[in-house]
Amino acid sequence: MSTAQKHRVFFALWPDAETASHLAALGENLVGDCGGRVMPVTNLHMTLAFIGAVTPAQIERLVALAAGVRCEAFDLRLDRLGFWPQGGILWAGCRQVPCSALPSGRRQHRLFAELAAGVRAAGFALDARPPVPHVTLARRARCASLPRLGTPVGWRADEFALVESIAQPVGVRYRVLETFTLDLPDIPISSLPHHGGCACATPVR
């Protein structure tokens, strides 16, 4: 009996070309001080949910559940730099985590939460730790300290994607399998419930 081929997949936000160019330039500048290997501009993304190895039939289930996610677009604001020693990961992230009291943070939180709930309900396992929204800029770096990010980098998140990670002789290549529009209209700020800010979570990759 043949075994169905497995594909490593994840859901992510993908920056537009201009934003990706800014992030790539930021990575190049950091690598100049910290060393390491900068991420290819075409690989820059923010992971929403890492699924892992799945069959083609499971990919169809993931596409169906993602198509049912109903969230409004929001503005992402990357305004901090971070470093994880394991793997030498240099990244740009958000000071306001997805449970932020800011409207854009609540919209981002809704996308994380609805997607995670749908994935778990479909029988897929996810990391139980809270996410730290970030974009990996470089790997194998060594940093004693990081500069402050003077000018935040942002983009309008109006869609998310299901992406396959394909191993290459050097690094990986990402292939977008399907995109999903965040097409609900913006909710007026006055109509959004207010919650107090929350503490930053422990970084996870």
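The values are calculated or read from the model by the stated rules, or taken from the named source; none is laboratory data. Please read all numbers here as calculations on a predicted model, not as lab measurements. Every residue, glycine among them, receives a Cβ derived from its backbone with ideal geometry; neighbour counts consider all protein chains shown.
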Scan of segment 168-178 for residues that are outside any loop (DSSP other than H, G, I, E, B) and in contact (Cβ under 8 Å) with a residue 60 or more places away in the chain, ordered by number: V172, R173, Y174, V176, L177, E178
- prompt: Do we have any residue at all in segment 18-29 that's at pLDDT below 90, on the phi < 0 side of the Ramachandran plot and touching a Leu at 6+ places or on another chain (Cβ under 9 Å)?
  reply: no
query: If you check R70 against the conditions, is it at pLDDT below 90, in contact with a Cys (Cβ under 8 Å, 6 or more places away or on another chain) and of a type in the set (K, R)?
result: no
- prompt: When you go through G154, G150, G171 one by one, which is the residue that is modelled with pLDDT under 85, under 19 Å from the mean Cα position of the chain (by Cα) and small (G, A, S)?
  reply: G171
task: Scan segment 143-155 and report the pairs whose first residue is closer than 14 Å to T19 by Cβ and aromatic (F, W, Y) and whose second residue is in a loop (DSSP other than H, G, I, E, B) and at pLDDT 85 or above, with Cβ atoms within less than 7 Å and a gap of 6+ or a chain change.
output: W155/P15; W155/D16
query: Looking at V204, is it surrounded by 14 or more Cβ atoms within 10 Å (Cβ to Cβ), within 23 Å of F74 (Cα to Cα), in contact with a Lys or Arg (Cβ under 7 Å, 6 or more places away or on another chain) and at pLDDT below 80?
result: yes
message: Being crowded, with 19+ Cβ neighbours inside 10 Å and modelled with pLDDT of 90 or more is the requirement here; does L177 meet it?
response: no
- prompt: On the given criteria, is R8 assigned to a strand (DSSP E or B), charged (D, E, K, R) and either modelled with pLDDT of 90 or more or buried (at least 21 other Cβ atoms within 10 Å of the Cβ) (or both)?
  reply: yes
- request: Kindly check whether there is at least one residue in segment 125-134 that is aliphatic (A, V, I, L, M) and farther than 12 Å from L48 by Cα.
  value: yes
